[in-house]
Every structure is written in structure tokens, then in C-alpha cells.
1. Are there any pairs, at least 6 apart or on different chains, whose C-beta atoms fall under 8 Å, with the first in the stretch 500-527 and open to solvent by 50 Å² or more (accessible area, probe 1.4 Å) and assigned to a helix (DSSP H, G or I) and the second of a type outside the set (F, W, Y) and modelled with pLDDT of 85 or more, and if so, which?
2. It is to be established whether one or more residues within the stretch 197-210 are closer than 29 Å to I86 by Cα, among the β-branched types (V, I, T) and within 17 Å of the chain's Cα centre (by Cα).
3. Determine which member of the set A28, A24 is crowded, with 24+ Cβ neighbours inside 10 Å and of a type in the set (A, V, I, L, M, F, W, C).
4. For the stretch 370-382, state whether one or more residues are over 20 Å from S134 (Cβ atoms), assigned to a helix (DSSP H, G or I) and small (G, A, S).
5. Of all residues being of a type in the set (D, E, K, R) and in contact with a Ser or Thr (Cβ under 8 Å, 6 or more places away or on another chain) in the stretch 235-281, which is surrounded by the most Cβ atoms within 10 Å (Cβ to Cβ)? Just the residue, please.
6. Give me the pairs: first residue in the stretch 324-336 and under 14 Å from G292 (Cβ atoms) and of a type in the set (G, A, S), second residue open to solvent by 10 Å² or more (accessible area, probe 1.4 Å) and in a helix (DSSP H, G or I), beta-carbon distance under 6 Å, and six or more apart or on different chains, which are they?
7. Search the stretch 214-234 for residues being in a helix (DSSP H, G or I) and either within 22 Å of I41 (Cβ to Cβ) or aliphatic (A, V, I, L, M) (or both), and hand back the single one that is least open to solvent (accessible area, probe 1.4 Å).
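The values are calculated or read from the model by the stated rules, or taken from the named source; none is laboratory data. This one's a predicted model, so the numbers in the text were calculated from it and none came from an experiment. Every residue, glycine among them, receives a Cβ derived from its backbone with ideal geometry; neighbour counts consider all protein chains shown. Please note that ligands, DNA and RNA were not included when accessible areas were found on the heavy atoms of the full protein model with its side chains. Shrake-Rupley method; radii C 1.70, N 1.55, O 1.52, S 1.80 Å.
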Amino acid sequence: MNALVFRPRLWDVLKNYNRKTLTADIMAGIIVGIVALPLAIAFGIASGVTPEKGIITAIVAGFIISVFGGSKVQIGGPTGAFIVIIYGIIQQYGIEGLTIATIMAGVFLVLLGTLRLGTIIKYIPYPIVVGFTSGIAVTIFTTQIKDLFGLSIDSVPADFVDKWLCYFQHFSTADLWSSVIGVVSVAIIMVTPKFLKKIPGSLIAIIVMTVAALLLKTYGGVTSIETIGDRFSISNVMPDVQMPAMSWETIKGLISPAITIAVLGAIESLLSATVADGVIGDHHDSNTELIGQGIANMVSPLFGGIPATGAIARTMTNINNGGKSPVAGIVHAVVLLLIFLFLMPLAKYIPMACLAGVLVVVSYGMCGWRSFLSIMKNPKSDVCVLLITFFLTVIFDLTIAIEVGLVIACLLFMRRMAETTDVRVICDEIDPTQEESDFMMGNLEHLTIPDGVEVYEINGPYFFGAGNKFEEIMAAFGDRPKVRIIRMRKVPFVDSTGIHNLTNLCLMSKKEGINIVLSGVNPKVQEVLERSGFNELIGKENICNHINLALAKAKEIVASCE
């Protein structure tokens, strides 16, 4: 394996950087920064932290991901996918536990990139990705119902079913003005892209609804609309770096949520980078991207930030507005920093119902209902993985969903692999027209199988999922031949279980006075067999390159037994 080359894309881009590219990056960065503002605030609040922590995450993590990442146009920051995880960690371990778990996740991401495992992340089955993404979307939508309609609920249950039962019981307490602001916010966000391409609908909704709420409160005497300032005290001062107190017991308890953050962050960031590659015709470095994401998640929590990853929506906004390099991501972080320092106090006037509307639209964009429905038409195994992952995410939590989903997907994959391997018995003669190598060489002579010889052929990988097939086939034959030829020309690999079964077969055959001859073993399989000591057991002379040689060897053995 080649040594890891950590080379952030920024380093390569700056070699041929020019004024035209800088102008394009500045314009794109300003727009992306404006787009990221309402999302960062909404994600922070929905995650159970203060709104400024969402913006701090977008500033610090967004800057680091652009500087050290492996994609030219990736924009990093807090995303909706983490809301459920962050909220659950805070409820169980507190803010300090979240900080430690995020730092640990950053370490795991750096290790994934250092060990060159970036490409492996891409092989997580698509039904699992769609299942937990759709589940997160439903969960986010569910958590916003209280604020969207201004329900009077002292404590909302954590359980999904109990939460909806609570909503139905308290729906009579809905506030009319909060409901209007929430529903109109959703309408503005959905309609805006049809008329304005550059300005995000979420920003327009926040500005319009904040002004409307102020007018209603000042001149209409409406005091029932809850704002951010009613729930949080907002600060525009960058916090000092603080290292949390870590103990081995705390680290052990947070390994599971930290791994969940790392896996989800890796999946989302590499998915975002891959989508961006398809649009701009580029190829990101997945391992460098993971290292960049890891550094961001190690540093951001020290400033009070939350988990961050590559954000598909903001990355696409960057591309659509002319972003050419990681400099656009750096500009986006600087824009957010300026807004944070000089305009953050104004955020206290934003209605909570408006932010809930923003997140309702985010959850709709995340749900991927078209992909969900298309997978439902796929084989039952994919549907099973999709539905189990989805319902576990919604009803329990994302950690369990990912773990169980991966286990089920692996089991189904093993079953499919086992189904591709079969063992058949060849009786009487071998038809050369079915043997590709013989047919191409013009060898059309039928090969007769001598008396006292049985030929078995293994088609496909001979691993633990298919190991028992051989024994089942042979059990169906009551007679005992003098020689068993095992054709392995279509066996691409063999694992320890396959070797174990072959070894048992040889030992049992020896006790019964039956000789084993292998035919057509490819070099890789032969190397594995030799390392395991199988050659000494069977005799190297009984491993043949071709069926003709194997049949000749079998005739020789049969003749010597007479």
C-alpha cells in the first residue's frame, strides 16, 4: 500500500490562482455565507445548543474544511443530519460530553483518512444511507411541530410515538400568530427559488417574518410570538479555547456516539464531494477530505462548536454561484464571522416559528422520498434493509439504526455471495463446447470420465457462506469412487473456512481410501492453499493446471489401485 499523501486542494489551487478566480470565489463565498446564516442558527437551536454555537461551528469548521479538505468546492458546517445525534448526546451526557464525543469523532475521521479508508466509506449500502437520512428527516420534522404552531407544552417527550401523542393532546393550545408565521415561512422558502435564484428563501423568510413579528408586537399588541431572545441569551463574543476534562471512563462511554458522528460525517462529506465532482467535472481526494473533516471536528468543539461535515445544499450553492476553489469556503467563513461579530444581537428578534419553518423545509429536502419509493421496487432484501434502518432511526436512534442496518446488509450480502457459488457433479463425460479454454484452442474432443472417478466443479468464491454445499452434494452420492477430482477453475478466492472444509474432505477421503485431485487452481488460490499447508496434505503432484492433466492423473491412480 502506498504511503498516504495528505495534500489539501487549496495548496494546488493557489499555484495558478488569479484575480478572475478570486473575484468569482469572493462573490460565491458571500452568497454562501448568507445562505449558511439561518441554517447555522436553526441547526444550533434544533440540536439543543444556543444559536451562536451553530454559527461558531460554521465559522471554525467551515474555514478548516476549506483549508485542509480534499475537495475544491466543499462547504462545511453544521448539518441537519447531526441534529438527532447531538440532541441525544446532550440529553444523556451534557454539553461537555458532546464536546468530547465530537473531538473523538474528529480523531476517528483523521484515522480513517490516514489509513486510506476513504474509498471504503463509499461502499456503505445505498438503502442504509436512504433509510437513516429519511429517518432523520422525519425526526427533525417531528421535533419542530411545537415551535411551528406555538404549542404550549412544558416538556416534550423524547420518544417518537409519545411525542406525537403529546402534540395531538395539546394541539388546542396552538397559537394562531405563531402558526401563521410558521406556515408563511414555509411558503416563502418554497416559492422564493421560482423568482429569485441568488437570494435564499430561508433568509427572506427570516427577514420578513422577523419584521412582521416586531410590527405585530409593537403596534398590534401581539405578545404570544416566541422569539430566539425569549428562549436564549445571545452573545456575539468569540469564546476562548477550552479543553474539556477527559477521563478514561468518559471516553469509553462516548465511543459509540463518537463513532456514529464519525461515520455519518464521513458519509455525508464524501457524498457531498462526490455530487460536487459530478457537477464541476473534478475528482476529490477522499482521504484528504476525511482528514480535513477530522481536524475541523477536533478544533471546532474547543470554541464551543458542534459536529460538522460537508453540506450538500451549501456546496451546490457555492458551485451555482461561481465558486471555483476552497477560497470561496474561506470567504464564506469570514462573512459569517463578520455577521456574528456585528449583527448577532439582532438574531434575538427572529421568531422560533420561522426557524421551525426553515427546518421543516430542510427535513423535506433531506427525506429523499423519491429515492425511498424507488428502492421499495427493488429486491426484498434491499427493502428490508431500508425499512429496518428507517424505523430504527425514527423510533430508537441513529446509532442503533446504523449498527443494525450494517449488520443486516452484511448478512444479506453474504447470503447473496453464497447463492452465486454452486457445486455441481459432472457425470460420464465433459463437453468441450462448454469449456471456453478448450473451445478457443480448437480442442473439441469429448473427455470421458473413467470408471471409479467423480468430478465435482465449484463455481464461484469458496468461502464460509458456501462451505457446506460441497458436503451436501457429496452426501447425495452413496458410492465411493477411487478418485475425486475437484475443478476450481472458477474459484476466484478461498477463505479459511473453505480451506478447512477442503482439509476435512481430504482427511475423510483418506480414511475411505479415496484420493483427491485438484484441477484448474488459479495462482492466487494456489498461493493461499500452499501457505495453509494444504499442498503437503494432498500432495503437490495431485494439483493440476488443467482438467486433461487431472483426468490423466486420476487414471494413473485408478490403475495403481487395481
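1. Pairs that qualify, where the first residue is open to solvent by 50 Å² or more (accessible area, probe 1.4 Å) and assigned to a helix (DSSP H, G or I) and the partner is of a type outside the set (F, W, Y) and modelled with pLDDT of 85 or more, are L507/L537; K524/P492.
2. no
3. Numbers: A24 fails: crowded, with 24+ Cβ neighbours inside 10 Å.
Criteria check complete, one pass: A28.
4. Filtering the stretch 370-382 for residues over 20 Å from S134 (Cβ atoms) gives none.
No; the residues of the stretch 370-382 include none that is over 20 Å from S134 (Cβ atoms), assigned to a helix (DSSP H, G or I) and small (G, A, S).
5. First, the residues of the stretch 235-281 that are of a type in the set (D, E, K, R): 240, 249, 252, 268, 277.
Now narrow it down to the ones that are in contact with a Ser or Thr (Cβ under 8 Å, 6 or more places away or on another chain): 268, 277.
Numbers: E268: 21, D277: 15.
Top of the filtered list is E268.
6. Qualifying pairs under 6 Å: A333/I59; A333/F63.
7. First pass over the stretch 214-234, keeping only residues in a helix (DSSP H, G or I): 214-219, 228-231.
Then drop every residue that is not either within 22 Å of I41 (Cβ to Cβ) or aliphatic (A, V, I, L, M) (or both), which leaves 214-217, 228-231.
Numbers: L214: 69, L215: 91, L216: 42, K217: 123, I228: 0, G229: 34, D230: 96, R231: 90 Å².
Ranking the qualifying residues of the stretch 214-234, first place goes to I228.
Per-residue answers, yes or no, for (1) over 20 Å from the mean Cα position of the chain (by Cα); (2) buried (at least 24 other Cβ atoms within 10 Å of the Cβ); (3) closer than 14 Å to V299 by Cα; (4) of a type outside the set (A, V, I, L, M, F, W, C):
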{"residue": "G54", "(1), (2), (3), (4)": "yes, yes, no, yes"}
{"residue": "I59", "(1), (2), (3), (4)": "yes, yes, yes, no"}
{"residue": "G77", "(1), (2), (3), (4)": "no, yes, yes, yes"}
{"residue": "G88", "(1), (2), (3), (4)": "no, no, no, yes"}
{"residue": "E96", "(1), (2), (3), (4)": "yes, no, no, yes"}
